[in-house]
Amino acid sequence: MFVNKAFFSTLFLMSVFTGLFAQSPDEPTDLVTDRPDQTESSISVPHRSFQIETGFSISVGNYTDRWEGSVGYGETLLRFGLFDGMELRLAMDYSTMMTEYFFGGTIIDTQRGLSPIALGAKIDLTEQKGWIPELALIIHVNTPVFNSDFSIDYAVPDVILAASHTISQRFSLGYNLGIEWADEDASPTKKYSAVAGFGLSDRIGMYLETFGSFDQGEFMNMIDGGFTFLILPNLQYDISGGLGVTASSPDFFIGTGLSYRLPQ
């Protein structure tokens, strides 16, 4: 039921934006996405462009007291270029998480539902000048819109500073520093990531990345990598996977997805 509603809602949004902002074709710009890596790019989508980035992932983790497995269905980010250098963003994810506790006998807990809807914007701050990186500020507010196992009680923000260096036509570096609040804990989670991107050809890209977070004395860190395949100038397929480095990290995750920019 929810999947059908989400699917038709997405189609409706696509048709609305296409109808309102259709215009004569201009010189196409490169398709730059915020997936599949965890590092958000420092580039906003072009003015009046509508971009959909969606995917599927599986994550598994063995910890001291439990085993966790999660599946993300339709991890979706909608991006719309409101102005040159600024985009509006809406992110959502429907997922299932199963937890098996080891203490006091085997207890299995299953949670499923929609994550809090994240509404926000990306604002370009500076262009790259030599070794001064290109910078953008990303601000989201996670909202308690739907009632699910992952619901929150009130709106909470997260903020990310995204930086990048273009080293050559085939090589670039990206970095993120972020902070995120949760509704049940006053202390925020500190997040970071760093990625190296390689252009293997005009249509195939590869990346290697490390990312993690600090929360109440726990340090989570993972390494990951993946490939992107530009099927059309406005359509990209991706595949990725990662491994946990620290004890509080998932053992591994794998994911795949598509990104599409509606023609103007």
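The values are calculated or read from the model by the stated rules, or taken from the named source; none is laboratory data. No experiment lies behind these values; they were computed from the predicted model shown. Cβ sites come from the backbone with ideal geometry, for glycine too, and all protein chains shown count toward neighbours.
Taking each residue of segment 130-148 that is at pLDDT 90 or above and looking for partners that are β-branched (Val, Ile, Thr) with beta-carbon atoms closer than 6 Å, six or more apart or interchain, yields Leu135/Thr126; Leu137/Ile123; Ile138/Ile160; Ile139/Val159; Asn142/Val156; Thr143/Ile117.
Could you grab me the full set of residues in segment 158-181 that are in contact with a Pro (Cβ under 8 Å, 6 or more places away or on another chain) and surrounded by fewer than 19 Cβ atoms within 10 Å (Cβ to Cβ)? Of everything in segment 158-181, those that are in contact with a Pro (Cβ under 8 Å, 6 or more places away or on another chain) and surrounded by fewer than 19 Cβ atoms within 10 Å (Cβ to Cβ) turn out to be His165, Tyr175, Ile179, Glu180, Trp181.
Within segment 200-216, track down each residue that is closer than 16 Å to Tyr237 by Cβ and part of a strand (DSSP E or B). Answer for segment 200-216, where residues must be closer than 16 Å to Tyr237 by Cβ and part of a strand (DSSP E or B): Ile204, Gly205, Met206, Tyr207. Could you look through segment 236-250, keep only residues that are in contact (Cβ under 8 Å) with a residue 40 or more places away in the chain and surrounded by fewer than 16 Cβ atoms within 10 Å (Cβ to Cβ), and pick out the one that is nearest to the chain's Cα centre (by Cα)? Within segment 236-250, the match that is nearest to the chain's Cα centre (by Cα) is Ile239. Of the strands (runs of 3 or more DSSP E) that lie entirely inside segment 56-144, those containing 3 or more residues that are surrounded by 17 or more Cβ atoms within 10 Å (Cβ to Cβ) span 66-83, 86-101, 117-126, 134-143. Quick one: is Thr64 modelled with pLDDT under 95 and closer than 25 Å to Asn147 by Cβ? Considered against the rule, which asks whether it is modelled with pLDDT under 95 and closer than 25 Å to Asn147 by Cβ, Thr64 comes out as no. Among the residues of segment 229-264, those identified as β-branched (Val, Ile, Thr) and closer than 12 Å to Gly55 by Cβ are Ile239, Ile254, Thr256. Screening Ile179 with (1) part of a strand (DSSP E or B); (2) among the aliphatic types (A, V, I, L, M); (3) under 22 Å from Thr96 (Cβ atoms) gives one miss only, at (3).
Candidates Gly105, Gly113, Gly81, Gly120: the one that is at pLDDT below 95 and under 20 Å from the mean Cα position of the chain (by Cα) is Gly113.
Taking segment 195-215 as the range and being at pLDDT 95 or above, surrounded by fewer than 17 Cβ atoms within 10 Å (Cβ to Cβ) and closer than 23 Å to Ile254 by Cα as the test, the residues that pass are Phe198, Gly199, Leu200, Arg203, Ile204, Met206, Leu208.
Within segment 145-157, being more than 19 Å from Ser187 (Cβ to Cβ) and surrounded by 14 or more Cβ atoms within 10 Å (Cβ to Cβ) holds for Val145, Phe146, Ser148, Asp149, Phe150, Ser151.
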